[in-house]
Each structure stands twice: as structure tokens, then as C-alpha cells.
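Working notes, structure below.
The values are calculated or read from the model by the stated rules, or taken from the named source; none is laboratory data. Computed from a predicted structure; not experimentally measured. Positions of Cβ are backbone-derived with ideal geometry, glycine not excepted, and every protein chain shown enters the neighbour counts.
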Amino acid sequence: MSIAELISRAEENRKWLNLSYKQLTKRYDDKWVAVLDKSVIDYDGDLKRLAARLRKKLAGRYSEVAIEYVTKKPINMVLVV
């Protein structure tokens with residue numbers, strides 16, 4: 001699989017995650033959520049633990065996975081340039 005295909009698949013998973021975000025907060029509030037093939041494949045409160053599990057389970061497809069912290073609380077971001 002080419003790098004362009006990997007990026008495209010990862011982007012599709014990220015888009016699905018963003019479109020489904022509100023629904024995901026109902027079940028996965030305050031958790032890191034992993035999405036592959038437009039569905040939740042795993043979640044955890046600890047990002048390192050989640051990433052380690054995913055790397056083991058999906059060695060060849062890990063780069064396609066979209067991972068995002070899902071929360072009902074507003075998140076404030078500050079950009080430092």
C-alpha cells in the first residue's frame with residue numbers, strides 16, 4: 001500500500017470520528033478512542049496503554065488508525081508561535 005493510500009485511509013477514519021464525535025461522547029466520555037474502517041476498535045483512559053495495545057494488534061495497519069480524546073467538556077487550546 002502506498003503512503004498516499006495510508007494517509008487517505010487515516011483521513012477517512014479521522015473524518016468519521018469527527019462526524020460521530022457527539023455520539024461517541026455518550027459512550028466514551030473522557031476516553032481516548034481508536035477508529036479503524038470507520039468504527040471504534042478500542043478505547044482507554046490512558047493513551048500510552050491504548051497505543052501499545054493497538055501496535056500489538058494492528059502492526060501492519062496502525063498508521064491507518066485515528067485516535068482522539070473524546071470528552072463532553074469544552075477544550076481550550078492555546079497556539080504558541
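For the reader, a short list of remarks on this structure follows.
- Segment 3-32 - residue that is in contact with a helix residue (DSSP H, G or I) (Cβ under 6 Å, 6 or more places away or on another chain) and of a type outside the set (K, R) and, of those, farthest from K72 (Cα to Cα): L6
- So R9, is it assigned to a helix (DSSP H, G or I), in contact (Cβ under 8 Å) with a residue 24 or more places away in the chain and of a type in the set (D, E, K, R): yes
- Residues (surrounded by 13 or more Cβ atoms within 10 Å (Cβ to Cβ) and either closer than 27 Å to I3 by Cβ or not β-branched (V, I, T) (or both)) located in segment 58-81: L58, R61, Y62, E64, V65, A66, I67, E68
- Taken over segment 19-46, the criterion of being on the phi < 0 side of the Ramachandran plot and exposed (fewer than 13 other Cβ atoms within 10 Å of the Cβ) is satisfied by L19, K22, Q23, K26, R27, D29, S39, G45, D46.
- Residue count for segment 23-72, restricted to those that are charged (D, E, K, R), part of a loop (DSSP other than H, G, I, E, B) and in contact (Cβ under 8 Å) with a residue 40 or more places away in the chain: 3
- Check on A4, loosely packed, with under 12 Cβ neighbours inside 10 Å, at pLDDT below 95, more than 13 Å from the chain's Cα centre (by Cα) and part of a helix (DSSP H, G or I): yes
- Checking each residue in segment 41-57 for being acidic (D, E) and closer than 21 Å to I7 by Cα picks out only D42.
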